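The values are calculated or read from the model by the stated rules, or taken from the named source; none is laboratory data. Being a predicted model, the structure only gives us computed values, none of them experimental. Cβ atoms come from the backbone with ideal geometry, glycine included; neighbour counts cover every protein chain shown. Accessible surface areas use protein heavy atoms only, side chains included; no ligands, DNA or RNA. Shrake-Rupley method; radii C 1.70, N 1.55, O 1.52, S 1.80 Å.
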Amino acid sequence: MDGNGRWAKQRGLPRIEGHRRGVETVRTVTFAARDLGVRMLTLYAFSVENWKRPQDEVGALMGLLEFYLKKELETFVRDRVRLRTIGRTQDLPAGVQKLLRTAIEETRHFTDYTLVLALNYGARTEAVDAARAYAAAVAAGTEKLNDDSWETFSRYLYTTGLPDPDLIIRTSGETRISNFLLLQAAYAEFVFTPVLWPDFGKPELAAAIAEYARRERRFGQTGDQVKPAAVQRP
Ligand code: FPP
C-alpha cells in the first residue's frame, strides 16, 4: 500500500492526510477484492522498519489503525470477513492489540473471505521467529531435526494455515519487495502499478487480476507440462 505520502504531497497536504485516504482505500479494496472472487487479501499495513519514521507519523498510523479497527469490527461481522494478522503484534500499542484480539476472536469462524493485516511485519523477522520456534519444538521433542520438509518448517511461519500468495501488487511505481512475504512469495506473480495507493480502486484491482490471469505459472515445470489439455473436438 505505497504512495500515501506522495499523494498528500502532490496536493500540498500533510502526509497523514495521505494515510487517512489510504484507510478509505483499504475499505474499498477489501470489498472490491471479495466482489471479484478473491478469497484472501493480505495488506502490508506496517513493517518492522516503519518504526524508523518520524514519531508523529508512527503515532498517527497507530491512531488510524485503532480508528479503523473500531469502525470495521461491525462490518467484518456483518459481511463475514475473517480477520487475521501476521507480524510481531505483541509489540503494537496495547489498545491496538486489544482491538485486534476482539476482531480476530469474533470473526474466526468465517470461512469465505479472509483479510490478513501485516502489522509490525518483516519477512526476515518472521524467518528468525520461525527458526526459534522450530528449534524450541526440536528441543522439546515435538519435531525431529532430520525432518527437512518445507511443509513442517512453514508451520512455524506467521502465515501457518494460510495459502501462499498467488498475486502480489505494489502500488506507486516502486518495484521492490521490501521484506514482504519473502518465503511465501516463492512462486507469486507480481504486478507493479504506478497508481498511488489512495487512488487505487476496484478498476485497478480488476486490471491487476486480469494481468495475473494472462500469466503462465509453471512452478518449475515446462510450458508444455502446465498447458491445459487441448480441447477434443467431436
Ligand atoms: C506507504 O505509503 C504506506 C504505509 C507505510 C502505511 C499504510 C497504512 C495505512 C494505509 C493506514 C493503516 C492501515 C490500516 C490497515 C487501517 P508511504 O507513506 O510510504 O508513501 P510514500 O512512499 O509516498 O511516502
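Taken over segment 50-86, the criterion of being open to solvent by 40 Å² or more (accessible area, probe 1.4 Å) and among the aromatic types (Phe, Trp, Tyr) is satisfied by Trp51, Phe67.
I'd like the full set of residues that are of a type in the set (Val, Ile, Thr) and open to solvent by less than 50 Å² (accessible area, probe 1.4 Å), limited to segment 173-193. Don't jump to the end; show me each part of the working.
So the first thing to find is which residues in segment 173-193 are of a type in the set (Val, Ile, Thr), and the list is 175, 177, 191, 193.
Answer for segment 173-193, where residues must be of a type in the set (Val, Ile, Thr) and open to solvent by less than 50 Å² (accessible area, probe 1.4 Å): Val191, Thr193.
Among the conditions (1) surrounded by fewer than 17 Cβ atoms within 10 Å (Cβ to Cβ); (2) assigned to a loop (DSSP other than H, G, I, E, B), the only one that Ala206 does not satisfy is (2). One residue stands out among those in segment 2-48 that are more than 9 Å from the ligand (Cβ to nearest atom) and in contact with a Ser or Thr (Cβ under 6 Å, 6 or more places away or on another chain): the one that is nearest to Arg80 (Cα to Cα), which is Met40.
Listed by first and then second residue, the pairs linking a residue in segment 103-114 that is without any contact (Cβ under 8 Å) to a residue 40 or more places away in the chain and open to solvent by 10 Å² or more (accessible area, probe 1.4 Å) to a residue that is part of a helix (DSSP H, G or I) and not hydrophobic (A, V, I, L, M, F, W, C), with Cβ atoms under 7 Å apart and 6 or more places separating them unless they lie on different chains, form an empty list. Here's a check for you: in segment 1-18, which residue that is surrounded by 13 or more Cβ atoms within 10 Å (Cβ to Cβ) and in a loop (DSSP other than H, G, I, E, B) is nearest to the chain's Cα centre (by Cα)? Top of the filtered list is Met1. Considering only residues in segment 126-172 that are at pLDDT 95 or above, basic (Lys, Arg) and away from the ligand (no atom under 16 Å from the Cβ), the one that is most open to solvent (accessible area, probe 1.4 Å) turns out to be Arg132.
Quick check, is Thr160 more than 16 Å from Ala45 (Cβ to Cβ) and not hydrophobic (A, V, I, L, M, F, W, C)? Walk me through it before giving the result.
Working: more than 16 Å from Ala45 (Cβ to Cβ): yes; not hydrophobic (A, V, I, L, M, F, W, C): yes.
Spelling it out, Thr160 is indeed more than 16 Å from Ala45 (Cβ to Cβ) and not hydrophobic (A, V, I, L, M, F, W, C).
Looking only at residues in segment 74-103 that are in a strand (DSSP E or B) and of a type outside the set (A, V, I, L, M), which one is farthest from Arg34 (Cα to Cα)? So that I can check it myself, show each step before the final result.
Step one: of segment 74-103, the residues in a strand (DSSP E or B) are 81-86.
Add one more test, that the residue is of a type outside the set (A, V, I, L, M), and what stays is 82, 84-85.
Details: Arg82: 12, Arg84: 16, Thr85: 18 Å.
Here the answer is Thr85.
Consider Phe67 carefully, then state whether it is under 23 Å from Leu92 (Cα atoms), in contact (Cβ under 8 Å) with a residue 24 or more places away in the chain, out of contact with any Leu (no Cβ under 8 Å at 6 or more places or on another chain) and within 9 Å of the ligand (Cβ to nearest atom). If you could, list the steps in order and put the result at the bottom.
Details: under 23 Å from Leu92 (Cα atoms): yes; in contact (Cβ under 8 Å) with a residue 24 or more places away in the chain: yes; out of contact with any Leu (no Cβ under 8 Å at 6 or more places or on another chain): yes; within 9 Å of the ligand (Cβ to nearest atom): yes.
So Phe67 fits the description; yes.
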